[in-house]
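The values are calculated or read from the model by the stated rules, or taken from the named source; none is laboratory data. Computed from a predicted structure; not experimentally measured. Neighbour counts run over all protein chains shown; Cβ positions are idealised from the backbone, glycine included.
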Amino acid sequence: MIDNNGLPIGVFDSGVGGLTVLRALRQRLPNEHFIYLGDTARLPYGTKSGDSVLRYSIQAAEFLVNQGIKYLVIACNTASSVAVEPLRQRFAPMPVIGVIEPGSMAGCAASKSGHIAVLATEGTVRGGAYQRAITRLKPDAKASAQACSLFVALAEEGWTDGAIAEAIAHRYIDELFGNDPRIDTLLLGCTHFPVLADALRAVIGPTVTIVDSADTTARAVEAELLDRGLLRSGNPLPPILQATDSPERFARVGSRFLGESFDAGRVELVDLAPST
């Protein structure tokens, strides 16, 4: 009999941003084993069509499933917006989770006024996935979304606090809060954005709650593993790190998101292209 509890958890993203989700998962579930796949050859997903993102997501998911996993985490907001349900149907009964639903649930729970702001990439904002999820969970809520494309570059360059980060945060956030001063909850709808939390806090002040979709996703994964009796026991194992292009850049930039240094030698270069 196969011991499913001992199988790894698969996590995929278009690049390195999802390493913030992996970091949160490892903090909450230290005994679990993880395989992380960054589709760096085809990033960013946010500028691609929904059909392309779904195709890429299926290829990434199948690659992880073929390695033998017990749980699939979509650590990409754009992929979560189009691929969660198709992947759940494709790989049932294996559990599949994205970052949008847990983040939206936590945002709704945290907001007393019902006025919630979402910071995300252009593709995620344009698709409206967070707005739909929030209003579905809390019909009387008002969800305002702001695309913050420069935050991705700031995060990857390591300019996550100080005058530059705060000045750009002001440009994105001031109008958002000016249009709706009742906003009491700020939902980080991109996996790059948690590393900018200090700069965001400096701009919005102490009274607005910041909700991190990485942390809320990790909590949801823990709850489902407990419910299904799938928790792993035993000693912690280092995560397996895979990328579809440029292991050197993946290691250099990804170390900031994972919260620990690792070199390109730890990154396995893989090919997701279907065989011919």
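Applying the criterion of being in contact (Cβ under 8 Å) with a residue 60 or more places away in the chain and hydroxyl-bearing (Ser, Thr, Tyr) to the residues of region 33-88, the residue that is nearest to Glu248 (Cα to Cα) is Thr40.
Can you tell me which residue within region 175-188, out of those that are touching a helix residue (DSSP H, G or I) at 6+ places or on another chain (Cβ under 9 Å) and modelled with pLDDT of 95 or more, is nearest to Thr121 (Cα to Cα)? Here the residue is Leu188.
Beta carbons closer than 6 Å, at least 6 apart along the sequence or on distinct chains, pair a first residue in region 11-32 that is under 16 Å from Asn235 (Cα atoms) with a second that is modelled with pLDDT of 95 or more and hydrophobic (A, V, I, L, M, F, W, C) for Leu25/Ala218; Arg28/Ala218; Glu32/Ile9.
Annotation for region 243-253: at least one member residue is of a type in the set (D, E, K, R), within 18 Å of Ala155 (Cβ to Cβ) and assigned by TED's automatic domain parsing to the domain that holds Ser81. Taking the listed residues Ala243, Ala220, Ala197, the one that is small (Gly, Ala, Ser) and farther than 15 Å from Gly17 by Cα is Ala220, with no other qualifying.
Inside region 160-192, residues that are surrounded by 12 or more Cβ atoms within 10 Å (Cβ to Cβ), farther than 10 Å from Ile116 by Cα and among the aliphatic types (A, V, I, L, M) make up a count of 7.
When Leu225, Leu231 are screened for being assigned by TED's automatic domain parsing to the domain that holds Lys70, closer than 17 Å to Lys70 by Cβ and surrounded by fewer than 17 Cβ atoms within 10 Å (Cβ to Cβ), only Leu231 passes. Check whether at least one residue in region 153-170 is within 17 Å of Asn77 (Cβ to Cβ) and in the same structural domain as Ala41 (by TED's automatic domain parsing), and report yes or no. No: region 153-170 contains no residue that is within 17 Å of Asn77 (Cβ to Cβ) and in the same structural domain as Ala41 (by TED's automatic domain parsing).
Within region 91-113, the set of residues being surrounded by fewer than 17 Cβ atoms within 10 Å (Cβ to Cβ) and touching a residue at least 60 places away in the same chain (Cβ under 8 Å) comprises Lys112, Ser113.
Filtered by the rule that a residue be closer than 11 Å to Ala145 by Cβ, aliphatic (A, V, I, L, M) and at pLDDT below 95, region 75-133 gives Ala120, Val125, Ala129. Residue by residue through region 11-23, note down the ones that are part of a helix (DSSP H, G or I) and buried (at least 24 other Cβ atoms within 10 Å of the Cβ). Once the filter is applied, which keeps residues that are part of a helix (DSSP H, G or I) and buried (at least 24 other Cβ atoms within 10 Å of the Cβ), region 11-23 yields Leu19, Thr20, Val21, Leu22.
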